[in-house]
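J.: One structure coming up, written as structure tokens, with questions to follow.
The values are calculated or read from the model by the stated rules, or taken from the named source; none is laboratory data. What you see is a predicted model; the values in this text were computed from it and never measured. Cβ sites come from the backbone with ideal geometry, for glycine too, and all protein chains shown count toward neighbours. Side chains are part of the model used for accessible areas, which takes the heavy atoms of the whole protein and leaves out ligands, DNA and RNA. Shrake-Rupley method; radii C 1.70, N 1.55, O 1.52, S 1.80 Å.
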Amino acid sequence: ERNAKFRSGSILMGVLDCLYSIGANYGIRPLRLVGYAFALILLGAAVFSQPGALELKPSQQGFAGKEVLPNAVERGLAVSVHYFLPMDTPLASEWAPAANPVSILIPAGALSCTLFFRPDWYGTALRVLGTVLMGLGFGSVTGLLRRIAP
């Protein structure tokens, strides 16, 4: 069907069909969305656990000695989940992503690669993508995204 759309000259409909296939898999097997969610949350945990990636919110500055999650990895995972969910949760709500870029070293044998992320931008992207994935997951589980043949 997608090839027919491309051949008929409806490139926009073909591209939209490709995006629908990648994102929602035509409403079939919503477990793919769970994989996307886990990947985004784990990358967020890696970004937010880096030194200097998180700052206490100004309203929480007086509570700096009373950290609930002292471990950087736990804190990074909690902040990642907090920003992934489309609604506001109390989980790690006292932390905010910093505006300064952080680096993540990825070892690859003899070579290594360093990726730079801005935690505030990744937090925003995580919130938007989390909202989209939650909506797609809800739609695919309830059958709202089921494709009906013409």
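J.: For residue 78, indicate whether it is over 24 Å from residue 133 (Cβ atoms) and either within 16 Å of the chain's Cα centre (by Cα) or at pLDDT 90 or above (or both). Lay out the reasoning, then the answer.
T.: Working: over 24 Å from residue 133 (Cβ atoms): no; either within 16 Å of the chain's Cα centre (by Cα) or at pLDDT 90 or above (or both): yes.
No, not satisfied.
J.: Identify, please: which residue in the range 107-121 is part of a loop (DSSP other than H, G, I, E, B) and modelled with pLDDT under 85 and is, among those, most open to solvent (accessible area, probe 1.4 Å)?
T.: The qualifying residue most open to solvent (accessible area, probe 1.4 Å) is 110.
J.: Looking at (1) without any contact (Cβ under 8 Å) to a residue 60 or more places away in the chain; (2) open to solvent by less than 30 Å² (accessible area, probe 1.4 Å), which is the only condition residue 139 fails?
T.: Among (1) without any contact (Cβ under 8 Å) to a residue 60 or more places away in the chain; (2) open to solvent by less than 30 Å² (accessible area, probe 1.4 Å), residue 139 violates only (1).
J.: Hey, can you tell me all the residues within the range 8-29 that are of a type in the set (A, V, I, L, M, F, W, C), open to solvent by 60 Å² or more (accessible area, probe 1.4 Å) and either modelled with pLDDT of 75 or more or over 19 Å from the mean Cα position of the chain (by Cα) (or both)?
T.: 11, 12, 13, 15, 16, 19, 28
J.: A follow-up question, please. Can you tell me which condition residue 66 does not meet? The list is (1) modelled with pLDDT under 90; (2) open to solvent by less than 80 Å² (accessible area, probe 1.4 Å), and all the others hold.
T.: (2)
J.: Which residue pairs have Cβ atoms closer than 7 Å, lie 6 or more positions apart in sequence or on different chains, and pair a first residue in the range 1-22 that is farther than 23 Å from residue 136 by Cβ with a second residue that is part of a helix (DSSP H, G or I)?
T.: 6/14
J.: Under the condition of being at pLDDT below 80 and surrounded by 14 or more Cβ atoms within 10 Å (Cβ to Cβ), which residue from the range 30-58 is farthest from residue 101 (Cα to Cα)?
T.: 30
J.: So which residues in the range 77-106 are open to solvent by 50 Å² or more (accessible area, probe 1.4 Å) and under 20 Å from residue 52 (Cβ atoms), if there are any at all?
T.: Answer for the range 77-106, where residues must be open to solvent by 50 Å² or more (accessible area, probe 1.4 Å) and under 20 Å from residue 52 (Cβ atoms): 77, 99, 100, 101, 103, 105, 106.
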